[in-house]
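Read the figures in this text as sums done on the coordinates, not as results from a lab. Please read all numbers here as calculations on a predicted model, not as lab measurements. Here the Cβ positions follow ideal geometry from the backbone for every residue, glycine too, while neighbour counts run over all protein chains shown.
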Amino acid sequence: MHFDYTPELVCSQKISFDLNDNIVTNLSFYGGCNGNLKAIGLLLEGKDADYIISTLKGNTCGRRPTSCADQLVRALEKAKETING
């Protein structure tokens, strides 16, 4: 299932991914630190959503209370809620 998420309090403007059988594919960030976010997408391709959530939850960026990685966690949690009802 495809999901688009609008992150808050970070430079990235959109997070896009597919979540099927709890596996994340086609992860893309729009806006933000292009090279770093491309690398995150490549590193997380094909990974289990629960692994990503447990690894990246609470990650911050500078003085911000969140980061693009933490926003991905929020997007995955929301997607899982949608799938599981």
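Taking the options D4, D21, name whichever one is of a type in the set (D, E, K, R) and on the phi > 0 side of the Ramachandran plot.
Step by step, each of D4, D21 is checked, and only D21 is of a type in the set (D, E, K, R) and on the phi > 0 side of the Ramachandran plot.
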Inset, instruction - Report, by residue number, each residue of region 53-85 that is basic (K, R) and in contact (Cβ under 8 Å) with a residue 40 or more places away in the chain. - result: R64, R74, K78, K80
Inset, instruction - Filter region 13-24 for residues that are under 11 Å from the mean Cα position of the chain (by Cα) and of a type outside the set (A, V, I, L, M, F, W, C) and give the result. - result: K14, S16, D18
Inset, instruction - Would you check if I15 is among the β-branched types (V, I, T) and without any contact (Cβ under 8 Å) to a residue 60 or more places away in the chain? - result: no
